[in-house]
Amino acid sequence: MDAEQRTIMHLDLDAFFCSVEVLNNQELRGKPLVIGGSADRGVVAAASYEARKYGVRAAMPMRLARQLCPEAQVLSGDMEKYTYYSDLVTEIIAERAPLYEKASIDEFYLDLTGMDKYIGNLKWSSELKTRIVQETGLSLNYALSVIKLVSMMASNEVKPRAWGCAPSGCCGRFR
Ligand SMILES: [Mg+2]
């Protein structure tokens with residue numbers, strides 16, 4: 001098929017590790033949250049939006065994160081739990097998408113090429129998002145274009161922080 005006619009959707013779960021933690025403990029909602037190794041040599045895997053206000057970032061030494069935001073709740077992270085939620089989302093996508101690729105625990109590429117014959121790609125994408133949000137409680141961003149790279153860049157652009165508003169969960173790249 002002609003490359004120009006492809007429709008590639010990039011779907012990115014928003015603030016994935018933090019969102020899963022908040023889903024499992026509502027008391028964490030709206031609080032500075034840092035996920036990662038708590039030992040002296042530990043590194044931040046994810047920081048909630050609230051923690052990021054203090055300058056905490058992924059890949060930063062945990063010791064520095066604690067200095068920047070002493071009141072942050074530090075969680076060691078639970079890959080089993082994150083994998084469970086990631087698999088839930090994968091199942092929803094696999095049921096509906098003609099072709100998809102799981103790029104990481106919280107990121108997917110979907111090839112929607114040819115779907116326009118049946119339903120508009122935007123409408124389809126928006127319905128998929130609604131379905132994922134309703135069934136898992138997780139939020140996500142997505143974008144469509146003719147190639148993966150542009151779709152990925154575009155979905156990064158529409159992250160909540162790009163609009164300057166505080167999302168309920170947190171933000172950052174958690175890979
Ligand atoms: Mg993400």
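The values are calculated or read from the model by the stated rules, or taken from the named source; none is laboratory data. Remember, predicted model here, so these are calculated numbers, not experimental data. In this analysis, Cβ positions are derived from the backbone assuming ideal geometry, glycine residues included, and neighbour counts consider all displayed protein chains.
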Looking at ALA58, ALA72, ALA39, which is the one that is more than 18 Å from the chain's Cα centre (by Cα), small (Gly, Ala, Ser) and under 17 Å from SER19 (Cα atoms)? ALA72
For segment 71-85, give me each residue that is free of Cβ contacts under 8 Å to residues at least 40 places away in the same chain and not acidic (Asp, Glu). MET79, THR83, TYR84
I'd like to check something: does segment 2-15 contain any residue that is closer than 20 Å to ARG66 by Cα, in contact (Cβ under 8 Å) with a residue 12 or more places away in the chain, of a type in the set (Lys, Arg) and away from the ligand (no atom under 16 Å from the Cβ)? no
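To keep it simple, each residue is scored yes or no on (1) out of contact with any Asp or Glu (no Cβ under 7 Å at 6 or more places or on another chain); (2) away from the ligand (no atom under 16 Å from the Cβ); (3) not assigned by TED's automatic domain parsing to the domain that holds THR7.
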position: GLU101; (1), (2), (3): yes, no, no
position: ILE105; (1), (2), (3): yes, no, no
position: ASP111; (1), (2), (3): yes, yes, no
position: MET115; (1), (2), (3): yes, yes, no
position: LYS123; (1), (2), (3): yes, yes, no
position: SER126; (1), (2), (3): yes, yes, no
position: THR136; (1), (2), (3): yes, no, no
position: ASN141; (1), (2), (3): no, no, no
What pairs come up if the first residue lies in segment 96-108 and is under 17 Å from PHE16 (Cβ atoms), the second is part of a loop (DSSP other than H, G, I, E, B), and their beta carbons are under 7 Å apart, counting only those six or more places apart or on different chains? SER104/ARG175; ASP106/PHE174
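Would it be correct to say that ARG52 is within 18 Å of ASP12 (Cβ to Cβ), among the basic types (Lys, Arg) and modelled with pLDDT under 95?
Working: within 18 Å of ASP12 (Cβ to Cβ): yes; among the basic types (Lys, Arg): yes; modelled with pLDDT under 95: yes.
Yes: the conditions hold for ARG52.
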